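Notes follow the structure.
The values are calculated or read from the model by the stated rules, or taken from the named source; none is laboratory data. This structure is a prediction, so every number in the text was calculated from the model and none was measured. Note: ideal-geometry Cβ built from the backbone for every residue, glycine included; neighbour counts use all protein chains shown.
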Amino acid sequence: MAADLLLVVHDHVTADTLQRHLVQAGWRPCCVPDARSAAAAMAAHSWAAVLLDLALPDGQGPALCRNLRRDAPALPLLALVAAGAADPAASRVQGLRLGADDVLAPPVSMPELVARMRALLRRAAARGPEFPWRFGGGRLDLRRRRLVRSGSGSSGGGGSSVGLTRREFDLLVCLLTRPGRAWRRSDLLAAVWGSGFDGDSHTVDVHVNRLRAKLELDPRRPRHIVTVRGEGYRFDDQA
């Protein structure tokens, strides 16, 4: 399955070159030009990885890098440092300190960039079922697309397997990518059902209720998938 990649690159020529090579590598890249657009894209979709230009014209590249690592600790993040940097090695070190998993400095070799992105995705897939998908109520098995719910008195190794529909699974993954974040119903619809979906926000409520019935010990008093009045829902990682 092709991975969705978010590119945060302000230069149109560079963005076009990156998109062309990433498409040829079998991925689905989407490019935005600034930190504000990147924040909106992150809220609306679950990305497999992010390619970030640290030299955004608004100067928000470093802050965006820190925020991405804080909000999505397991998200593969490849950073590009500014062309013409006085000390490229120091710039790469700064990128790593900001939270990037890997950093490239110009001139960028497209085959090398593709290889590094492939390595980041491979490592993320290898650790997928373990982190960050454990929470107080159970564990999400990404490979088998199932929920393992902790049993009463379980020491952590036991529990029962709970079958999830495709939409239920994708919705739970979406909520889990940003624990503690209040998701609007419209954002959940866009992220899980896609922008072309012609249903309404009631669809989200129905699937949340189904998830609560499968996940929560007491669905009438949910501890994990919590309603946020006037907003939508958030995922709380409570023991």
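From the list His10, His21, the lone residue that is more than 17 Å from Val103 (Cβ to Cβ) and assigned to a loop (DSSP other than H, G, I, E, B) is His10.
All of (1) touching an Asp or Glu at 6+ places or on another chain (Cβ under 8 Å); (2) among the aliphatic types (A, V, I, L, M); (3) at pLDDT below 80 hold for Leu140 with one exception: (1). Are any residues in the stretch 218-239 at pLDDT 90 or above and of a type in the set (A, V, I, L, M), and if so, which ones? If the condition is that a residue be at pLDDT 90 or above and of a type in the set (A, V, I, L, M), then Ile225, Val226, Val228 are the ones that fit. Of the strands (runs of 3 or more DSSP E) contained entirely in the stretch 38-126, not one carries at least 1 residues that are at pLDDT below 90 and crowded, with 17+ Cβ neighbours inside 10 Å. Screening the stretch 1-37 for residues that are surrounded by 14 or more Cβ atoms within 10 Å (Cβ to Cβ) and touching a Phe, Trp or Tyr at 6+ places or on another chain (Cβ under 7 Å) and picking the one that is farthest from Trp183 (Cα to Cα) gives Ala3. Closer than 20 Å to Pro179 by Cβ and among the small types (Gly, Ala, Ser): does that describe Ala48? Answer is yes for this residue. Contact annotation: no residue pair with Cβ atoms under 7 Å, 6 or more positions apart or on different chains, pairs a residue in the stretch 1-14 that is on the phi > 0 side of the Ramachandran plot and at pLDDT 90 or above with a partner that is of a type in the set (Ser, Thr, Tyr) and crowded, with 23+ Cβ neighbours inside 10 Å. For the stretch 179-217, taking the residues that are acidic (Asp, Glu) and at pLDDT below 90, the one that is nearest to Glu168 (Cα to Cα) is identified as Glu216. Taking the stretch 159-239 and the helices (runs of 4 or more DSSP H) fully enclosed by it, the elements with 1 or more residues that are farther than 16 Å from His45 by Cα and either in the same structural domain as Ala48 (by TED's automatic domain parsing) or among the hydroxyl-bearing types (Ser, Thr, Tyr) (or both) are at 202-215.
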